[in-house]
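Here's the structure we're looking at; comments come further down.
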Amino acid sequence: MTDMASIEDFDKLTAKELHDRAFRLARRRLDVRFFWNLIEAVPAAEAAAGHVGEAEQDILSFAQRLDDLINPDTPEEADAIRPIYISYLMDHQEDGSGLASG
């Protein structure tokens, strides 16, 4: 069993590393709720990154939200979603999401 990671450990990872770990775990767990929560969070992440017009457009476009979730337009948008990845990975460490599982 791997050591439990702290929030600080996860916070040291890049947004891309967090994305990859959380997506890998959610796919393995077939966790539709996690993906749905992210889809709902995309417009807020865009607005937090200063892209209010894009956020307004995405509210109307499910397909665009999916695309922005998989490939954020800017590092600021990716960083705005980091807390969701960290929370998810912290909550499901018993499922093998520790830092050693890369």
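The values are calculated or read from the model by the stated rules, or taken from the named source; none is laboratory data. Since we're looking at a predicted model, the values are computed, not measured. We place every Cβ from the backbone using ideal geometry, glycine too, and count neighbours over all the protein chains shown. Just the protein is used for accessible areas: all its heavy atoms, side chains included, with ligands, DNA and RNA removed. Shrake-Rupley method; radii C 1.70, N 1.55, O 1.52, S 1.80 Å.
How would VAL52, VAL42 line up by accessible area, probe 1.4 Å, largest first?
Putting VAL52, VAL42 in descending order of accessible area: VAL52, VAL42.
For the Cα atoms of the chain, what angle does the longest principal axis make with the long axis of helix 15-29, in degrees from 0 to 90, nearest 10?
For 15-29 against the chain, the angle is about 70 degrees.
Students sometimes get this wrong: rank HIS19, HIS51 by accessible area, probe 1.4 Å, all chains present, largest first.
HIS51, HIS19
Would you work out the charge dipole size for the chain about its Cα centre, treating the Cβ of every Lys and Arg as +1 and the Cβ of every Asp and Glu as -1, and quote it to the nearest 20 debye?
Value, rounded to 20: 460 debye.
Tell me the angle of helix 32-48 to the major Cα principal axis of the chain, expressed in degrees between 0 and 90 and rounded to the nearest ten.
On a 0 to 90 degree scale, this one is about 50.
Give the dimensionless ratio obtained when the Cα radius of gyration of the chain is divided by 2.2 N^0.38 Å.
Numbers: Rg = 13.8 Å, N = 102, 2.2 N^0.38 = 12.8 Å.
In units of the globular-protein estimate, the chain measures up at 1.08.
Heavy-atom accessible area of SER6 with all protein chains present, probe 1.4 Å, nearest 10 Å²?
Ignoring ligands and nucleic acids, SER6 comes out at about 40 Å².
Projecting each Cα onto the charge dipole of the chain (Lys/Arg +1, Asp/Glu -1 at the beta carbon, about the Cα centre), which of ILE81, HIS19, ALA49 comes out farthest on the positive side?
Of the listed residues, the answer is HIS19.
Which value at 222 nm does the chain reach when only helices count, each DSSP H run of 4 or more adding -39,500 (n - 2.57), with the total divided by all residues and rounded to the nearest 500 deg cm²/dmol? Mind showing how you got there, number by number?
Details: 6 runs with 72 residues, N = 102.
Taking each H run of at least 4 residues, the total per residue is -22000 deg cm²/dmol.
Kindly express, to the nearest 10 degrees and within the range 0 to 90, the angle between helix 75-91's C-alpha long axis and the longest C-alpha principal axis of the chain.
Tilt of helix 75-91: around 40 degrees.
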